[in-house]
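Peer 1: Submitted below is the structure of interest, expressed as structure tokens.
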Amino acid sequence: MRNLLVKIAYDGSRYHGWQVQENALSVQTVFQSALERILAEKVELKGCSRTDTGVHARQYAISFKTTRGIPCQSLVFALNRFLPGDIAAVSCEEVPEEFHARYSCRGKEYVYEIWNEPVRNAFLENRALHHRYPLDVERMNRAASYFLGRHDFSTFCTGDRREANNLERTVFRSEVTREGSLVRFTVAADGFLYNMVRIMVGTLLEVSRGRFSPEEIPEMIKRKNRKAAGPTAPACGLYLNRVFYEGGEDEWTKKRI
């Protein structure tokens with residue numbers, strides 16, 4: 001029995017997130033169908049994270065066990081033959097028997113992209129939030145810096161019975177940058193709560209508008225009340241950018257705090 005780790009990238013525009021759902025198309029459903037067609041056996045997939053409807057991934061990790069001896073490189077090529085154009089297998093490697101894509105994960109990095117121009121970009125439809133009014137990136141970045149460190153992020157979480165009682169997370173990267181007309185919020189942490197990044201983005205947009213000052217973020221966090229933060233930004237601009245595992249190519253570290 002082999003334990004394999006496959007990393008994929010996907011455009012989530014037409015999918016209802018990763019996890020299998022009744023009466024809705026998910027990334028897991030499509031990936032599992034392609035994989036089992038290749039292996040000719042049933043497999044139990046372990047995904048690194050749930051993702052919401054319309055959210056994208058530049059790096060999504062999946063582990064599963066198989067009795068088949070197909071080489072990793074051949075599996076990647078075969079998957080890309082059977083997967084649709086909006087999902088691509090990127091890599092495959094053998095991992096220890098106890099490895100689990102979700103429970104072995106030490107952190108994740110998300111990027112939220114905003115097209116900041118009066119006129120929308122047809123090539124970024126469903127791939128970035130179109131914000132037609134000027135954005136104060138310096139002000140947004142100053143606000144984002146207050147997310148760094150370990151906090152209870154109840155204020156930046158949509159209530160969800162799936163969340164554990166402990167809502168503390170450690171954020172070790174949080175910054176807003178601009179590249180031409182594209183504004184990016186990059187945030188990395190040891191874990192994320194339901195809608196956490198999208199609520200952070202909605203709040204940062206309100207900071208740019210002047211509704212909140214950057215220095216109000218610490219007080220928002222202390223209040224542990226969802227109503228204290230800004231709205232939830234649309235899913236279209238959100239990307240799972242990287243997944244961190246111990247000893248991996250992108251080994252997770254807290255040294256940036």
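The values are calculated or read from the model by the stated rules, or taken from the named source; none is laboratory data. Since we're looking at a predicted model, the values are computed, not measured. All Cβ positions, even for glycine, are placed from backbone atoms using ideal geometry, and neighbour counts span all protein chains on display.
Peer 1: Let me spell it out: the conditions are (1) crowded, with 19+ Cβ neighbours inside 10 Å; (2) modelled with pLDDT of 95 or more; (3) within 25 Å of Arg198 (Cα to Cα), and Ser49 meets all of them except one. Which number is the exception?
Peer 2: (2)
Peer 1: So Ser174 fits all but one of (1) in contact (Cβ under 8 Å) with a residue 40 or more places away in the chain; (2) under 19 Å from the mean Cα position of the chain (by Cα); what number is the exception?
Peer 2: (1)
Peer 1: Also, quick follow-up: Looking at region 100-122, which of its residues are within 21 Å of the chain's Cα centre (by Cα) and hydrophobic (A, V, I, L, M, F, W, C)?
Peer 2: Here is the first cut: in region 100-122, the ones within 21 Å of the chain's Cα centre (by Cα) are 100-115.
Within region 100-122, Ala101, Cys105, Val111, Ile114, Trp115 qualify.
Peer 1: Inspect region 5-17 for any residue being within 16 Å of Ile70 (Cα to Cα), hydrophobic (A, V, I, L, M, F, W, C) and within 20 Å of the chain's Cα centre (by Cα) and give the result as yes or no.
Peer 2: First pass over region 5-17, keeping only residues within 16 Å of Ile70 (Cα to Cα): 5-6.
Checking the rest, the ones that are also hydrophobic (A, V, I, L, M, F, W, C) come to 5-6.
With within 20 Å of the chain's Cα centre (by Cα) added as a condition, the list becomes 5-6.
Looking through region 5-17, at least one residue is within 16 Å of Ile70 (Cα to Cα), hydrophobic (A, V, I, L, M, F, W, C) and within 20 Å of the chain's Cα centre (by Cα).
Peer 1: Starting from region 18-29, take each residue that is in the same structural domain as Thr51 (by TED's automatic domain parsing) and in contact (Cβ under 8 Å) with a residue 60 or more places away in the chain and list its partners that are assigned to a loop (DSSP other than H, G, I, E, B) and surrounded by 14 or more Cβ atoms within 10 Å (Cβ to Cβ), counting only C-beta distances under 6 angstrom and pairs at least six apart or across chains.
Peer 2: Correct list of pairs: Val27/Tyr15; Val27/Trp18.
Peer 1: Assess whether Ile62 counts as being in the same structural domain as Val183 (by TED's automatic domain parsing), in contact with a strand residue (DSSP E or B) (Cβ under 6 Å, 6 or more places away or on another chain), buried (at least 18 other Cβ atoms within 10 Å of the Cβ) and within 26 Å of Asp190 (Cβ to Cβ).
Peer 2: Numbers: in the same structural domain as Val183 (by TED's automatic domain parsing): no; in contact with a strand residue (DSSP E or B) (Cβ under 6 Å, 6 or more places away or on another chain): yes; buried (at least 18 other Cβ atoms within 10 Å of the Cβ): yes; within 26 Å of Asp190 (Cβ to Cβ): yes.
Criteria not met by Ile62.
Results for (1) loosely packed, with under 14 Cβ neighbours inside 10 Å; (2) over 19 Å from the mean Cα position of the chain (by Cα); (3) part of a loop (DSSP other than H, G, I, E, B); (4) at pLDDT below 95, shown as yes or no for each residue.
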residue	(1), (2), (3), (4)
Phe185	no, no, no, no
Arg198	no, no, no, no
Glu215	yes, yes, no, no
Glu219	yes, yes, no, no
Thr232	no, no, yes, no
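Peer 1: Would a scan of region 99-119 turn up a residue that is crowded, with 18+ Cβ neighbours inside 10 Å, in contact with an Asp or Glu (Cβ under 8 Å, 6 or more places away or on another chain) and of a type outside the set (Val, Ile, Thr)?
Peer 2: Yes: region 99-119 contains one or more residues that are crowded, with 18+ Cβ neighbours inside 10 Å, in contact with an Asp or Glu (Cβ under 8 Å, 6 or more places away or on another chain) and of a type outside the set (Val, Ile, Thr).
Peer 1: Val90 passes all but one of (1) more than 19 Å from the chain's Cα centre (by Cα); (2) in the same structural domain as Val30 (by TED's automatic domain parsing); (3) surrounded by 12 or more Cβ atoms within 10 Å (Cβ to Cβ); which number fails?
Peer 2: (1) is the only condition that Val90 fails.
Peer 1: In region 61-96, what residues are touching a Cys at 6+ places or on another chain (Cβ under 7 Å), under 24 Å from Gly12 (Cβ atoms) and not in a strand (DSSP E or B)?
Peer 2: Selection gives Leu75, Val76.
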